[in-house]
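So the structure is just underneath, and the comments pick up after that.
The values are calculated or read from the model by the stated rules, or taken from the named source; none is laboratory data. Note that the structure is predicted; figures quoted are calculated from it, not measured. FYI the Cβ positions are ideal-geometry reconstructions off the backbone, even for glycines, and counts take in every protein chain you see. In case anyone asks, the SASA skips ligands and DNA or RNA and just uses the protein heavy atoms, side chains included. Shrake-Rupley method; radii C 1.70, N 1.55, O 1.52, S 1.80 Å.
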Amino acid sequence: MPTYFSYPEPALQKELKATAEAIVAPGKGILAVDETNEGIGKLLAAVGLQNTENNRRRYRQLLFTTDNLSEHVSATILFDETVYQKTDDGTPFIELLKKKNIIPGIKVDMDAVPLFLSLDEVTTQGLDNLATRCAEYKKQGCRFAKWRCPLKIGEHTPSVQAINDTAQVLAKYASICQSQGLVPIVEPDVLLDGDHDIVRNQKVSEQALAAVYKALNDHHVFLEGTLLKPNMVTPGHGCSKKNTPQEIATATVTALLRTVPAAVPGIAFLSGGLSEEEASVYLNAINRVSLKRPWALTFSYGRALQASVWKTWAGKDANTKAAQLELLKRTKANGLASLGKYEGGSATSAGSKSNYAANHRY
Ligand code: 13P
């Protein structure tokens, strides 16, 4: 084994660690609004609006101008275009977020493409010019990034090829982010699609996470300055056997304990198609399970924070306030859940029961 290595400069370590810890501050989590233009286009179409730059801006303005948003939201993940957008009165979104004490971050992966000679699996693009893009986002005020790699459970998947590819891509991404002063959120996403049971998901999640942390170590990634954004360990959407929140919590924390070093300050789950209420109830159970939990365990939800907002807004300015209240309801429910203090059913929301869509694209 070659043994040359070095650590980031102390000042960079300090900055990355402080940012990562601030994102997972007690009772807070991440509002993920990094849908691609294609992804948000479907949501706009569902409320009868065209997929224009201005409509995308109007919707995200609604989110960011919500009063008291920072009570349970420490950070938000933006899409490239959003970094440069402004409110109606000309305030850059990033300035508004900073004033509210919400840390801006940025999705930097450039989407999934087929992984050649695999069984319908994917790899994620965007490494080539990543350092330059990270430097630009940092200049604009972003302090962290996220990169998502989906893994599909099937009879013969995920393959060793896909797991190794995911691990290498995430490690390379994390290393480049840190070189530019951004905290990398590492997101291996074992999808909800499929009819597998919870045990299968647990094993796949453990194998994927073990490979990811081996690769992060091989690339000298400074773990204290990273966050993990994984799936919860649940049965597949098509599985006939359902599990209780306690079973899901036990399987999830067990998988994480076996694979994620305690040096990682926090784990912020994706919602992956769970309903808003399921995402809150499961997070709460995770924070109450009687197992060791050396990291903060919180949320980084997209659909499970926004489904009710979309339904209530329905594309009409007159509904803005009511939609913002829906957002606050869900951020509060999840903020409490991150402390193990959410009472299931206490936050009734307007959103539909499930947010699952087969082969969902962000
Ligand atoms: P969902 O919570 O909708 O799965 O989104 C997570 C995500 O990765 C967006 O950043």
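From the list Leu12, Leu62, which residue is among the aliphatic types (A, V, I, L, M), under 24 Å from Ser175 (Cβ atoms) and out of contact with any strand residue (DSSP E or B) (no Cβ under 7 Å at 6 or more places or on another chain)?
Leu12 is the lone residue from the list that is among the aliphatic types (A, V, I, L, M), under 24 Å from Ser175 (Cβ atoms) and out of contact with any strand residue (DSSP E or B) (no Cβ under 7 Å at 6 or more places or on another chain).
Are any residues in segment 179-217 within 15 Å of the ligand (Cβ to nearest atom) and among the β-branched types (Val, Ile, Thr), and if so, which ones?
Once the filter is applied, which keeps residues that are within 15 Å of the ligand (Cβ to nearest atom) and among the β-branched types (Val, Ile, Thr), segment 179-217 yields Val183, Ile185, Val186, Val190.
For segment 137-157, enumerate the residues that are in contact with an Asp or Glu (Cβ under 9 Å, 6 or more places away or on another chain) and open to solvent by 40 Å² or more (accessible area, probe 1.4 Å).
If the condition is that a residue be in contact with an Asp or Glu (Cβ under 9 Å, 6 or more places away or on another chain) and open to solvent by 40 Å² or more (accessible area, probe 1.4 Å), then Arg143, Lys152 are the ones that fit.
Please give the number of the condition Gly272 fails out of (1) touching a residue at least 60 places away in the same chain (Cβ under 8 Å); (2) away from the ligand (no atom under 13 Å from the Cβ).
Among (1) touching a residue at least 60 places away in the same chain (Cβ under 8 Å); (2) away from the ligand (no atom under 13 Å from the Cβ), Gly272 violates only (2).
Taking segment 304-317 as the search range and keeping residues that are buried (at least 19 other Cβ atoms within 10 Å of the Cβ) and of a type outside the set (A, V, I, L, M), which one is nearest to Glu71 (Cα to Cα)?
In this case the residue turns out to be Gln306.
So which residues in segment 158-177 are open to solvent by less than 10 Å² (accessible area, probe 1.4 Å) and either away from the ligand (no atom under 16 Å from the Cβ) or under 23 Å from Ile23 (Cα atoms) (or both)?
Residues satisfying the conditions are Ala162, Ala167, Leu170, Ala171, Tyr173, Ala174, Cys177.
Pick from segment 220-243 the residues that are out of contact with any helix residue (DSSP H, G or I) (no Cβ under 6 Å at 6 or more places or on another chain) and within 16 Å of Ser205 (Cβ to Cβ): which of them is farthest from the ligand (Cβ to nearest atom)?
The selected residue is Cys239.
Anything in segment 233-249 that is within 22 Å of the chain's Cα centre (by Cα) and outside any helix (DSSP H, G or I)? List them, or say none.
Val233, Thr234, Pro235, Gly236, His237
Taking segment 289-327, which residues are part of a loop (DSSP other than H, G, I, E, B) and of a type outside the set (Lys, Arg)?
If the condition is that a residue be part of a loop (DSSP other than H, G, I, E, B) and of a type outside the set (Lys, Arg), then Val289, Ser290, Leu291, Pro294, Trp295, Gly302, Ala314, Gly315 are the ones that fit.
Going through segment 273-288 one residue at a time, which ones are out of contact with any strand residue (DSSP E or B) (no Cβ under 7 Å at 6 or more places or on another chain), open to solvent by less than 10 Å² (accessible area, probe 1.4 Å) and either of a type in the set (Asp, Glu) or part of a helix (DSSP H, G or I) (or both)?
Hits for segment 273-288 are Glu276, Ser280.
Take segment 254-270 and flag every residue that is crowded, with 18+ Cβ neighbours inside 10 Å, over 17 Å from the mean Cα position of the chain (by Cα) and farther than 14 Å from Arg200 by Cα.
If the condition is that a residue be crowded, with 18+ Cβ neighbours inside 10 Å, over 17 Å from the mean Cα position of the chain (by Cα) and farther than 14 Å from Arg200 by Cα, then Thr259 is the only one that fits.
What do you reckon, is Cys134 open to solvent by less than 30 Å² (accessible area, probe 1.4 Å) and away from the ligand (no atom under 16 Å from the Cβ)?
For Cys134, the condition - open to solvent by less than 30 Å² (accessible area, probe 1.4 Å) and away from the ligand (no atom under 16 Å from the Cβ) - is met.
Which residue out of Cys142, Cys149 is within 16 Å of the ligand (Cβ to nearest atom), at pLDDT 95 or above and farther than 22 Å from Leu209 by Cβ?
Cys142
Identify, from the list Thr52, Thr65, Thr3, the residue that is β-branched (Val, Ile, Thr), modelled with pLDDT under 95 and more than 16 Å from the ligand (Cβ to nearest atom).
Sole residue among the options that is β-branched (Val, Ile, Thr), modelled with pLDDT under 95 and more than 16 Å from the ligand (Cβ to nearest atom): Thr3.
Taking segment 105-116 as the search range and keeping residues that are closer than 18 Å to Ala32 by Cβ and touching a Ser or Thr at 6+ places or on another chain (Cβ under 6 Å), which one is nearest to the ligand (Cβ to nearest atom)?
Taking the candidates together, the pick is Asp109.
Results for (1) open to solvent by less than 30 Å² (accessible area, probe 1.4 Å); (2) away from the ligand (no atom under 13 Å from the Cβ), shown as yes or no for each residue.
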residue: Gly302; (1), (2): yes, no
residue: Asn319; (1), (2): no, yes
residue: Lys332; (1), (2): no, yes
residue: Ser338; (1), (2): yes, yes
residue: Gly344; (1), (2): no, yes
residue: Ala350; (1), (2): no, yes
residue: His360; (1), (2): no, no
